[in-house]
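Here's the structure we're looking at; comments come further down.
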Amino acid sequence: MDFTQSTRSSGYARELRSFLDEVITPAEGRVAEEIAAEPGTVSATLEHLKTEAKSAGLWNLCVRDPDCGPGLSFVDYAPLAEMLGTSRVAQEALNCDAPSSINADALLIYGSDEQKERWLRPQLDGMIRSAFAMTEPDTASSDASNIAMEASPVADGWVLNGRKWYISGVMHPSCAYLMVLATTDTSASSGRHGRHSVFIVPRDTPGLTVVRDLPKFGYFDVGHGHAELDFDQVRLPDSALLGQVGGGFAIGQARLGPARVQHCMRSIGIAEAALALMCQRAQQRSTFGALVSTRSNVMDWVADARIQIEAARLLTLRTAWLMDNEGDKAAAPTMSLLKVHVLEAACSIVDRAIQVHGAAGVSDDTPLANWYASLRSLRIADGPDEVHRMVIARRELRRHQTDS
């Protein structure tokens, strides 16, 4: 395996670093002010940043299809994703933010020509955004086969009824459609992995209602939202079906794999930033006559953080290499290892950075508390730690299976 960053990727990294420092960072405060002043509207500054990103050739960097972007390999995209990790503004300005970017992957594989023309092309151009509606308030959604929302066939299509919650991105003013996972075989005659299908639901479809915006640890994702949704007799034509009837589980898994890896790439960027803040703070504060940075426990935290980050990065690159060279399915076992290790490591590093900052760490004077809320929630999203550990353990036990 060769994880060497290509000349092409290195060039993008230099350009991206300059773009972040010179264009994105100075504009982030202005974007936040515009969104706060006029909730539910598109930030004019953010739209201008998109135009600048396109002009700079830093657009759709995360899309692997060379017809839709630069066609970077996952190994080449990894260091770029790290750089984007701490800035939601940067991710959206470059059209590399979830869940829209991952929905684009699913449409490229499973979308019909009509669906690609109506939804994919405008999304790749940055004209619209999208969401993915899977989790439900009344089922254990960590087991996707539990999803209970029903999609009933009717003469001219389908009718959806049910509730979803913590659906990211729905409240963005540019959100134009949702991919919705629903049960199409309530009798379970097709088996637990053949009961569900995915539908493309336009955001303005009658019967689709935002019940409320939901916080994470008290933080609201301003401008994007994590919504609870009610589907009441939502009527869709047959053309709204993505892929085949009963193919929803496969589409969900194919979509979640790259999503998990990109989340991990960005999370390493947050961990690096948190470690830098921890080191700076520890060298600026004295307690009981000595710098905090000289305390053995703090030195252990700094060392452990570096060890965790390097291990996380290597595991991420290994997973990316497998995706590039053997396909997403072949990389699936490593994805589970990655999801558990990287998010636990990043959470731990941010938590210790908070501890070193004391009261400032739990305030909004630093980004640490917000980062922690985001990372901690990711240990539940896209498959919780326990599910991935179960999958890892089952594979390991099969590998060492004996006659007994």
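The values are calculated or read from the model by the stated rules, or taken from the named source; none is laboratory data. Keep in mind that what you see is a predicted model, and the values were worked out from it rather than measured. So basically every Cβ, Gly included, is an ideal-geometry build from the backbone, and we count neighbours across all protein chains shown.
General remarks:
- Scanning region 310-327 for residues that are touching a residue at least 40 places away in the same chain (Cβ under 8 Å) and surrounded by 20 or more Cβ atoms within 10 Å (Cβ to Cβ) yields a count of 7.
- Of all residues in region 60-87, those that are touching a residue at least 24 places away in the same chain (Cβ under 8 Å), over 10 Å from residue 9 (Cβ atoms) and of a type in the set (D, E, K, R) total 3.
- Screening the candidates 282, 303 for the property of being among the hydrophobic types (A, V, I, L, M, F, W, C) and either surrounded by 19 or more Cβ atoms within 10 Å (Cβ to Cβ) or not assigned by TED's automatic domain parsing to the domain that holds residue 361 (or both) yields one hit, 282.
- Within region 229-250, the residues that satisfy the criterion of being touching a Lys or Arg at 6+ places or on another chain (Cβ under 9 Å), buried (at least 19 other Cβ atoms within 10 Å of the Cβ) and at pLDDT 95 or above are 229, 231.
- Test result for residue 320, of a type in the set (Gly, Ala, Ser), over 29 Å from residue 357 (Cα atoms) and in contact with a Phe, Trp or Tyr (Cβ under 8 Å, 6 or more places away or on another chain): yes
- Residue within region 205-216 that is of a type in the set (Val, Ile, Thr) and surrounded by 15 or more Cβ atoms within 10 Å (Cβ to Cβ) present: yes
- For residue 82, the criteria (1) surrounded by fewer than 22 Cβ atoms within 10 Å (Cβ to Cβ); (2) at pLDDT 95 or above; (3) of a type in the set (Asp, Glu) hold in every case but one, which is (1).
- Residue match in region 88-101 (condition: aliphatic (A, V, I, L, M) and farther than 20 Å from residue 51 by Cα): no
- Any chance residue 100 is crowded, with 19+ Cβ neighbours inside 10 Å, among the polar types (S, T, N, Q) and touching a residue at least 24 places away in the same chain (Cβ under 8 Å): yes
- Taking residues in region 25-53 that are assigned to a loop (DSSP other than H, G, I, E, B), and partners anywhere that are surrounded by 14 or more Cβ atoms within 10 Å (Cβ to Cβ) and among the hydroxyl-bearing types (Ser, Thr, Tyr), the pairs with Cβ atoms closer than 8 Å and at least 6 places apart or on different chains are 42/174.
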